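The values are calculated or read from the model by the stated rules, or taken from the named source; none is laboratory data. Just so you know, these numbers come straight off a predicted model, no measurement behind them. Counting neighbours? That spans all protein chains shown, and the Cβs are built from the backbone with ideal geometry, glycine included. Only protein heavy atoms, including side chains, enter the accessible area calculation; ligands, DNA and RNA are left aside. Shrake-Rupley method; radii C 1.70, N 1.55, O 1.52, S 1.80 Å.
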Amino acid sequence: MAGISFLIGVLLTGLTLFTGVASESGLQEKAEDAFRKGIESRDHPAGAQPLFREAAAGYEDLARQGAYSAELCRNQGNAYLLAGDLPRAILAYRRGLRLAPADWNLRTNLDYARAQVASTERGSFGRPPSDRLPPGLPYFNPYLRLFLAVFAYALGWTAVFRWWMLRQGSILGMGTLAFALAGLIATTLVMEDWSHRQERNNPLVVIAEDGVLMRKGNGLAYPRRYDTPLHRGVEARLLVDRGKWLQIELARGEVGWVPRAYVLVDNP
């Protein structure tokens, strides 16, 4: 019971109303109304879950009409989670974090959802990937970081010219620190660009059913790659798409084939 209270508290904290949506606000109002009614009926899951599914579908319609944002993804994830659809909740939170990597509510809700994924007996098998951004570390817009990198680089060269004229070691030290800062910021930009390219080339995959086995080839005739099955909510990356079968890679590097019908595939 305490876990349910915590979940409701976290999700209500993350609920954001889209007051700026134009003519399609009817969809917004319908989704928000369904979510509120679901919260009011939360003591009766059989009646509440269809309302949360309705809210999630409304958020999906909003996204199709151009209202796609981190807040919308967060609300959709909340609705799916309360509807009992753990895989789609995780997918929605991951999409939101792609738009707003430092969003505390998204991170908190994703951590909660990941904790609901059934664990396996094989150590790290099927465990979620490590967060790209350490908890508590501020996230700055890439354009701001680019500006800071250029500024630090220019400051470094200014310090070098001043040192060449005055021959003061402290000035040279300041220039060295400025170059180091510019290099550090540039590294974060390169790493983030690489991560985004990886997401486009190898989209996120979330297992949608319990007991999914990874196989050595794209068919049931192939033997199991691992004896341990995957459960709902396990996250992976898509490597190869062959119609009804997908080759995926888990967070710790395990590779195998799974039926497309048993997974959700992101479209970044």
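Per-structure values
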| read-out | value |
| --- | --- |
| Per-region count, segment 36-60, residues over 22 Å from the mean Cα position of the chain (by Cα), surrounded by 15 or more Cβ atoms within 10 Å (Cβ to Cβ) and hydrophobic (A, V, I, L, M, F, W, C) | 3 |
| Residues of segment 243-268 that turn out to be out of contact with any strand residue (DSSP E or B) (no Cβ under 8 Å at 6 or more places or on another chain) and either among the acidic types (D, E) or not in a helix (DSSP H, G or I) (or both), as a count | 5 |
| Cβ-Cβ under 7 Å pairs, at least 6 apart or on other chains, segment 167-188 side open to solvent by 80 Å² or more (accessible area, probe 1.4 Å), far side of a type in the set (A, V, I, L, M) | M174/A159; L181/A152 |
| Leading residue by the ranking (nearest to Y68 (Cα to Cα)) among those in segment 256-268 that are open to solvent by less than 40 Å² (accessible area, probe 1.4 Å) and at pLDDT 95 or above | L264 |
| Candidates A92, A118, filtered to the one that is of a type in the set (A, V, I, L, M, F, W, C) and surrounded by fewer than 23 Cβ atoms within 10 Å (Cβ to Cβ) | A118 |
| Condition check for R98: touching a residue at least 40 places away in the same chain (Cβ under 8 Å), within 11 Å of the chain's Cα centre (by Cα) and open to solvent by 50 Å² or more (accessible area, probe 1.4 Å) | yes |
| Matching residues in segment 189-230 - criterion: being crowded, with 19+ Cβ neighbours inside 10 Å and of a type in the set (D, E, K, R) | R215 |
| Test: residue in segment 231-251 that is open to solvent by 40 Å² or more (accessible area, probe 1.4 Å) and modelled with pLDDT under 90 | yes |
| Conditions (1) surrounded by fewer than 23 Cβ atoms within 10 Å (Cβ to Cβ); (2) on the phi < 0 side of the Ramachandran plot: number failed by N75 | (1) |
| Verdict on A31 being of a type in the set (A, V, I, L, M, F, W, C), at pLDDT 90 or above, within 30 Å of L238 (Cβ to Cβ) and out of contact with any Cys (no Cβ under 9 Å at 6 or more places or on another chain) | no |
